[in-house]
Amino acid sequence: MTAPGMVVVGAGECGVRAAFALRENGWTGPVTLVGAEPLLPYERPPLSKAGLVSDSAGPVTIRDAGAYRDADIELVSGVEAAGLDTGAHHVELADGRRLGYERLLLATGARARPLPFDGTPVHLLRTHADAVALRRRLVPGTRVGVIGGGFIGLELAASAAARGCPVTVVELGPRPLGRAVPARIAAVLAARHVAAGIDLRCGTAVGRLAPTGTGITVGLADGDAVEVDVVVAGVGSVPETALAERAGLAVENGIRADARLATSAPDVFAAGDCCSFPHPLYDDRRVRLESWRAAQEQGAAAARSMLGGPEPYAAVPWFWSDQHDLSLQVTGLTDAAVGEAVRLRPDGVELWFGLGAQGRLLAAAGVGPGNAVAKDVRLAEMLIARRAVPDPAALADPAVPLKSLLRSPVSA
């Protein structure tokens, strides 16, 4: 067994950020970072974008190998954590090694949700290997069926279309991006997909998949059927909690953590896609965030907590998606809003603001080419963090600089 120190299980964005943040915050003892994949830790957002579009795209590493050596972080790659004994304070790896820890971070991420169909090959997309396998199938003319009209499904669809593939997207809900994107913003993206020639079918389920002599028949609940060559499931992900559950940790839509990202077990913390926590900006509503930036921010916050920091994690949720030539940005929790204000900018870009019952700004979203919405969404994020109660008419007026609204009254 190695000398006890800080151990991070999960070498994605969150785990890597946490390992380096431990050093940045003064920890001089051992730091061990454990990853299941036999690669240097890499970024996942490109997998559904450039990772599919470009034949030469390799994994985009988070840090090069020298950075781990320079920071004296032991990177253990290609082996899973198989067991956790919170009483004895050790992690057991699949190769039999045991890692003792003073404090442990579980940053185990999430896994792609599989489809309940047997006997038909269905691609998933979670790892670089998944992306390479799918990319090999996306030659011009290949008919692609994407099941799920969420972020991954629509990014997959855009990438497949860019490679010259006819694409059909099947979404169970009445519209794409139904979980986290306001309807009018989602409609802009939906129209762009249709303009790109993508067959977008909403409000119907996939009832069956049946291999045929020429492809795969996707049978729909509305009685229609689509024949494709490749099926890709983009129906979301589920938090990777198996290790925590076997160890007896509390799980509630992910590993249950408190405001400091501490779990129910002593000296064990959780962060990133795998954990849920109470968010102070939303009345301590328990949330689980799947986004690149949340993984970074939670990794850094968890490291501070592992070192005894008392601050709760309170960053405003933010995520983005690139589809075709449009970039979507969302900040806050859109489903918390009960009212809205809409700003139509002279350049044609539309911004949506979600308001609480007392007028407090709770969320914002926008979509446009390139970085067209980045500045405004960033200002909205600052307003949300301040618990600002801006004038809805000012929010909707494109002549009023959003920056000026930082002087708005705030909610208690």
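The values are calculated or read from the model by the stated rules, or taken from the named source; none is laboratory data. Quick caveat, the model's predicted, so the values are computed rather than measured. Glycine gets a Cβ as well: all are built from the backbone with ideal geometry, and neighbour counts include every protein chain shown. Just so you know, the surface numbers come from the protein's heavy atoms only, side chains and all, with ligands and any DNA or RNA stripped out. Shrake-Rupley method; radii C 1.70, N 1.55, O 1.52, S 1.80 Å.
For the chain, with only Lys/Arg (+1) and Asp/Glu (-1) charged at the beta-carbon, what is the dipole magnitude about the Cα centre, in debye rounded to 20? Please report the intermediate quantities before stating the final value.
Numbers: 40 positive and 44 negative charges, 118 e Å.
Rounded to the nearest 20 debye, it is 560 debye.
Taking all pairs of different Cα atoms in segment 140-256, averaging 1/r and flipping that mean, what Kirkwood radius in angstroms comes out?
The Cα-based Kirkwood calculation yields 15.4 Å.
Grab the alpha carbons of segment 230-306, take their convex hull, and tell me the volume per residue in Å³.
Values: hull volume 8.4 nm³, N = 77.
Enclosed volume per residue, from the Cα hull, is 109 Å³.
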> If one puts a single equal scatterer on every Cα of segment 253-402 and applies the Debye formula without solvent, what log₁₀ I(q)/I(0) results at q = 0.10, 0.19 Å⁻¹?
Replying inline: -0.38, -1.09
>> Could you derive backbone 3J(HN,Hα) for segment 233-246 from the dihedral phi with the Karplus parameters 6.51, -1.76 and 1.60 (θ = phi - 60°), listing whole Hz in sequence and x where the residue is Gly or Pro?
In response: 8, x, 10, x, 9, 10, x, 8, 10, 4, 4, 5, 5, 5
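Antiparallel DSSP bridges in the chain: what percent, to the nearest 5?
Numbers: 51 of 83 bridges.
Roughly 60 percent of the beta bridges in the chain run antiparallel, per DSSP.
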> Largest first, how would GLU171, GLU74 line up by accessible area (1.4 Å probe)?
Replying inline: GLU74, GLU171
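In Å², and per residue, what accessible area does segment 39-171 have when probed at 1.4 Å with the other protein chains present?
Numbers: 5760 Å² over 133 residues.
Value returned for segment 39-171: 43 Å² of accessible area per residue.
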> Could you give the length gained on full extension between ALA94 and GLU245, defined as 0.36 nm per residue of separation minus the Cα-Cα distance, in nm?
Replying inline: 52.7 nm
> Using modelled amide H (1.01 Å from N, peptide plane; none on Pro or chain starts), what sits under 5 Å from the amide H of LEU200, excluding residues fewer than 5 places away?
Replying inline: VAL169
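How big is the C-alpha Rg of segment 12-117 next to the rule-of-thumb value 2.2 N^0.38 Å, as a ratio?
Working it through for segment 12-117, the quotient is 1.21.
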> Can you pull the three principal axis extents for the Cα set of segment 60-205, in Å, largest first?
Replying inline: 55, 36, 31
